[in-house]
Amino acid sequence: MTAAGVNVRYAVDESKPTGTCCLCFVDGVRSSVTDIGASKQLVPEHASAPGTRALMDRAVCLYIECYQLGCCFDTLHEIGQYALDNDRLID
């Protein structure tokens, strides 16, 4: 991702396993089953941390993975409000 110019800032929780995804392809059709693991623990403090905020300040577009919609609403709301207040795109 870095080679493509994407700067990723992960929230790390050493006590939780990372996510897992199982894909099945049959006749050109894809199905997936996903466990987002430690991503369920994404907290608003991560989005407002100085290192994360510095990247957001320089970003043109903020990408939010849809898997967090069901478990990290407060954090996603904070990022969305930041994007609205600072004229950033969200993808």
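The values are calculated or read from the model by the stated rules, or taken from the named source; none is laboratory data. Please read all numbers here as calculations on a predicted model, not as lab measurements. Every residue, glycine among them, receives a Cβ derived from its backbone with ideal geometry; neighbour counts consider all protein chains shown.
Below, the figures for the structure above:
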| item | result |
| --- | --- |
| Residues being among the β-branched types (V, I, T) and farther than 25 Å from C21 by Cβ - total across the range 47-83 | 1 |
| Cross-chain or 6+ apart pairs with Cβ under 9 Å, the range 32-45 first and under 12 Å from T18 (Cβ atoms) and in contact (Cβ under 8 Å) with a residue 12 or more places away in the chain, then polar (S, T, N, Q) and in a helix (DSSP H, G or I) | I36/Q68; S39/Q68; K40/Q68 |
| Positions within the range 2-31 being over 20 Å from Q68 (Cα atoms) and either outside any helix (DSSP H, G or I) or touching a residue at least 24 places away in the same chain (Cβ under 8 Å) (or both), in sequence order | G5, C24, F25, V26, D27, G28, V29, R30 |
| Top-ranked residue of the range 43-75 - restricted to ones that are among the hydrophobic types (A, V, I, L, M, F, W, C) and in contact with a helix residue (DSSP H, G or I) (Cβ under 8 Å, 6 or more places away or on another chain), ranked as modelled with the highest pLDDT | M56 |
| Among (1) under 22 Å from G5 (Cβ atoms); (2) touching a helix residue (DSSP H, G or I) at 6+ places or on another chain (Cβ under 9 Å); (3) part of a helix (DSSP H, G or I) - the single one K40 does not satisfy | (1) |
| Condition broken by Y82, with the remaining ones in (1) touching a residue at least 24 places away in the same chain (Cβ under 8 Å); (2) under 26 Å from G5 (Cβ atoms); (3) within 13 Å of the chain's Cα centre (by Cα); (4) surrounded by 11 or more Cβ atoms within 10 Å (Cβ to Cβ) satisfied | (3) |
